[in-house]
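The values are calculated or read from the model by the stated rules, or taken from the named source; none is laboratory data. These numbers come from a predicted model, not from an experiment. Every residue, glycine among them, receives a Cβ derived from its backbone with ideal geometry; neighbour counts consider all protein chains shown. Each accessible area value is taken on the protein alone, full model and side chains, heavy atoms only, with ligands, DNA and RNA left out. Shrake-Rupley method; radii C 1.70, N 1.55, O 1.52, S 1.80 Å.
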Amino acid sequence: MWVTGLAMPVMIAVLMIAGSTSVTAADQAAAANAEVKIDNFSFGPQTVTVPVGATVTWTNNDDIPHTVVSTDGVFKSKVRDTDEKFSYTFTKAGTYSYYCSVHPKMTGKVVVQ
Ligand SMILES: [Cu+2]
């Protein structure tokens, strides 16, 4: 019977450690997301670096419609009017070049590490 009495506090301690670890990981994932503003025919910042699993959100702050299209066909937004957003979650490491299909000289890059 003494084993039960000893095991319970140990189990509670292990559960508390496991719980606090998962909260920390979730906080880090949320903080890793990135924002890209589309303004005056350019993406800013032009290159963003994020960890695997991060979501990048583009917001069109221009008076003109733009798109966000991956050069390799990984993601493709619809035409985004003023103040409209597009988000994509990157699940694999790599370098993702993209451009605006309406104005192909507008280019940017997402580096996923
Ligand atoms: Cu454009």
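Would you calculate the separation in nanometres between label points at residue 52 and residue 32, each defined as 7 Å from the Cα along the Cα-to-beta-carbon direction?
Each label point lies 7 Å from its Cα, and together they span 0.9 nm.
With every protein chain kept in place and ligands, DNA and RNA left out, what is the accessible area per residue of the stretch 69-113? Probe 1.4 Å, answer in Å².
Per-residue value: 63 Å².
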